[in-house]
Amino acid sequence: MDEPIQKMEKDCSAIVDAQFPEIDAAAKSGNLTKALELLLGLEKQTRSSADLASSTRVLKHFIQLTFEASDWKLMQEYIVLLSKKHGQLKQAITKMIQESMECLDKTPDMKTKLELLDTLRTVTDGKVYLEVERARVTRTLAKIKEDEGNISDAADIMQDLQVETFGSMEKREKTDFILEQIRLCLLKRDYVRANIISKKISIRYFKETDVQDLKLRYYDLMIEYSLHENEYLNVCKHYRQIYDTPIIKEDPAKAKKAVENAVLFVVLAPFDNEQSDLIQRVYAEAEEVDTAVYRDLLKCFITTELMRWPMIEKIYGPTLGQNPALAGSDEASRKRLKELHNRVVEHNIRVIAKYYTRISTKRLTQLLDLPDKDCEGFLSKLVVSKTIYAKIDRPAGVVSFAKSKHPNEVLNEWSQDINGLLGLIEKTCHLITKEEIIHSITKVI
């Protein structure tokens, strides 16, 4: 909240203009102490007169003089002293802090820079009117810690600030700060906190055209999080959002990459109603870009036909092997490749359950290209998830996909069939009678 404007009691600009040359002359002659004493007297006059413009000039001049003298210790002392002066205008203090922040990149060594950062963080702590400056200083300190390899401390420093509550910070800077918090949490491998912080960002904000860079950063971070959690359906959604960004659509190569990844991860996602709906949407998007191999792979999963894993490997393996999500030699890439095989098997079981009521386990293993034990494992998994209904008769070696019906259901179906049959008989009799009447009339004529 902005400080109400105080009424200026006296304009001290003339006095400031008159005394500044004398103060500068004393500082240049090497008598910095005398210059600062004169400046303190001038600061008291401007503060008592509530002259904002003059107070700002005087406070900034403290920083300039100590900087030119390279007396960093004295600068820090005066920052603390002046910020505690009774009746000091908040806007003037803000300008002084901003002037001090400009000196951060000009410090002679890292030790001096850290001391100045610590002073600025101390002065800005707990002051609402300096919340933006505190956030910027804190981010600078976190960057230093990260460059030193201390990721944990950098993440902890950034998390101390709840920038979503800062009313004076612009939305873009606020979003950028939160994205930095998420990035450091992911580097720290604190995935739970990263997920919590990500919810502070409203994705509706990304609909604005001037924040496309932030949108892409956000979804890149969310993809990293979702991959760690094996949430493949969410990864697909994030890639679709990336594809839906104007600057991505303008670049055919980036658009193609986004769609290919969306296809891959929607295929890797376990089957459910949401995945079934999303796979149709992704297929429509795959039609818009030149990605024939991925589009054909997706069509295999949409069509209710069996897929042979050896053929999938032969046809799509070379192309899929170039995708970073599957091409890596790490454990995660190998796991995703195995998941792809599992999804092919699960698709085949759903197709078999649709066309068969009963099938021998021997024939099932032939169709799935799997040993008996693995077939039973996949069947059990799909039955538990209620994707299909199945019963296994091990002694007989038969799998039944027909769901047993309650006697009432059987009776109702029989009754409906009888009613339908009687209706057809009645209609047939009516048509025969009609034909006989027409024939008799024609014969008389």
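The values are calculated or read from the model by the stated rules, or taken from the named source; none is laboratory data. On a predicted model such as this, the values are computed, not experimentally measured, just so you know. As a convention, Cβ positions derive from the backbone with ideal geometry for all residues, glycine included, and neighbour counts pool all protein chains shown. Accessible surface is based on the protein model in full, side chains and every heavy atom, while ligands, DNA and RNA are left aside. Shrake-Rupley method; radii C 1.70, N 1.55, O 1.52, S 1.80 Å.
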- line: The correct count of residues that are over 20 Å from the mean Cα position of the chain (by Cα) and open to solvent by 40 Å² or more (accessible area, probe 1.4 Å) in region 257-291 is 13
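Considering only residues that are touching a helix residue (DSSP H, G or I) at 6+ places or on another chain (Cβ under 6 Å) and surrounded by 18 or more Cβ atoms within 10 Å (Cβ to Cβ), look in region 126-135 and name the one that is farthest from residue 57 (Cα to Cα). Working first, answer last.
Initial filter on region 126-135 (touching a helix residue (DSSP H, G or I) at 6+ places or on another chain (Cβ under 6 Å)): 129-130, 133-135.
If we keep only those that are surrounded by 18 or more Cβ atoms within 10 Å (Cβ to Cβ) as well, we get 130, 133-135.
Values: 130: 18, 133: 19, 134: 22, 135: 24 Å.
This residue is 135.
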task: Would you be able to tell me the number of residues in region 150-176 that are of a type in the set (Ser, Thr, Tyr) and either closer than 26 Å to residue 227 by Cβ or open to solvent by less than 40 Å² (accessible area, probe 1.4 Å) (or both)?
output: 2
message: All but one of (1) more than 29 Å from residue 171 (Cβ to Cβ); (2) part of a helix (DSSP H, G or I); (3) without any contact (Cβ under 8 Å) to a residue 40 or more places away in the chain hold for residue 131; state the number of the condition that does not hold.
response: (1)
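For region 59-100, which residues satisfy the criterion of being open to solvent by 80 Å² or more (accessible area, probe 1.4 Å), without any contact (Cβ under 8 Å) to a residue 60 or more places away in the chain and part of a helix (DSSP H, G or I)?
Kept after step one, since they are open to solvent by 80 Å² or more (accessible area, probe 1.4 Å), are these residues of region 59-100: 68, 73, 77, 84, 86, 90, 95.
Now drop any that are not without any contact (Cβ under 8 Å) to a residue 60 or more places away in the chain, which leaves 68, 73, 77, 84, 86, 95.
Answer for region 59-100, where residues must be open to solvent by 80 Å² or more (accessible area, probe 1.4 Å), without any contact (Cβ under 8 Å) to a residue 60 or more places away in the chain and part of a helix (DSSP H, G or I): 68, 73, 77, 95.
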For residue 259: the one exception among (1) modelled with pLDDT of 90 or more; (2) within 23 Å of residue 177 (Cα to Cα): (2)
- prompt: What pairs can you find where one residue is in region 293-317 and within 17 Å of residue 349 (Cβ to Cβ) and in a helix (DSSP H, G or I), the other is modelled with pLDDT under 90 and among the charged types (D, E, K, R), and their Cβ atoms are less than 9 Å apart, with a gap of 6+ or different chains?
  reply: 309/369
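Please state which one of 103, 12 is of a type outside the set (Ser, Thr, Tyr), surrounded by 15 or more Cβ atoms within 10 Å (Cβ to Cβ) and over 45 Å from the mean Cα position of the chain (by Cα).
On the way: 103 fails: over 45 Å from the mean Cα position of the chain (by Cα).
Being of a type outside the set (Ser, Thr, Tyr), surrounded by 15 or more Cβ atoms within 10 Å (Cβ to Cβ) and over 45 Å from the mean Cα position of the chain (by Cα) holds for just one of 103, 12, which is 12.
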query: When region 318-328 is examined, which residues are found to be free of Cβ contacts under 8 Å to residues at least 60 places away in the same chain, open to solvent by less than 40 Å² (accessible area, probe 1.4 Å) and in a helix (DSSP H, G or I)?
result: 320
statement: With criteria (1) among the polar types (S, T, N, Q); (2) assigned to a helix (DSSP H, G or I); (3) touching a helix residue (DSSP H, G or I) at 6+ places or on another chain (Cβ under 6 Å), residue 168 comes up short on (2)
- prompt: Only one residue in 56, 33 is under 18 Å from residue 127 (Cβ atoms) and either at pLDDT 85 or above or in contact with an Asp or Glu (Cβ under 9 Å, 6 or more places away or on another chain) (or both), so which one is that?
  reply: 56
task: Kindly indicate whether residue 179 is among the hydrophobic types (A, V, I, L, M, F, W, C) and farther than 30 Å from residue 95 by Cα.
output: no
task: Could you please tell me which pairs satisfy a Cβ distance under 7 Å, a separation of 6+ or placement on different chains, a first residue in region 184-201 that is within 19 Å of residue 149 (Cα to Cα), and a second residue that is among the hydroxyl-bearing types (Ser, Thr, Tyr) and surrounded by fewer than 16 Cβ atoms within 10 Å (Cβ to Cβ)?
output: 188/152
query: What about residue 310, is it more than 24 Å from the chain's Cα centre (by Cα), exposed (fewer than 15 other Cβ atoms within 10 Å of the Cβ) and modelled with pLDDT under 90?
result: yes
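Restricted to region 48-58, and to residues that are surrounded by fewer than 22 Cβ atoms within 10 Å (Cβ to Cβ) and within 16 Å of residue 79 (Cα to Cα), which residue is farthest from the chain's Cα centre (by Cα)?
Keep residues of region 48-58 that are surrounded by fewer than 22 Cβ atoms within 10 Å (Cβ to Cβ), which gives 48-50, 52-53, 56-57.
Filter again for within 16 Å of residue 79 (Cα to Cα), leaving 56-57.
Numbers: 56: 42, 57: 44 Å.
Within region 48-58, the match that is farthest from the chain's Cα centre (by Cα) is 57.
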query: Has region 118-125 got any residue that is closer than 24 Å to residue 180 by Cβ, surrounded by fewer than 20 Cβ atoms within 10 Å (Cβ to Cβ) and either touching a Pro at 6+ places or on another chain (Cβ under 6 Å) or at pLDDT below 90 (or both)?
result: yes
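Please return the ranges of strands (runs of 3 or more DSSP E) entirely within region 340-445 where 1 or more residues are open to solvent by less than 100 Å² (accessible area, probe 1.4 Å) and farther than 18 Å from residue 306 by Cβ. Lay out the reasoning, then the answer.
Details: elements: 358-360, 391-393, 398-400.
Fully inside region 340-445 and qualifying: 391-393, 398-400.
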- request: Kindly indicate whether residue 179 is in a helix (DSSP H, G or I), within 21 Å of residue 245 (Cα to Cα), of a type in the set (A, V, I, L, M, F, W, C) and open to solvent by 20 Å² or more (accessible area, probe 1.4 Å).
  value: no
- prompt: Are any of the residues in region 147-155 over 29 Å from residue 263 (Cα atoms) and polar (S, T, N, Q)?
  reply: yes
field: Unmet requirement for residue 166, which otherwise passes all of (1) modelled with pLDDT of 90 or more; (2) within 29 Å of residue 84 (Cα to Cα)
entry: (1)
- request: May I ask you to list the residues in region 195-243 that are part of a helix (DSSP H, G or I), of a type in the set (D, E, K, R), surrounded by fewer than 19 Cβ atoms within 10 Å (Cβ to Cβ) and within 10 Å of the chain's Cα centre (by Cα)?
  value: 217, 220, 224
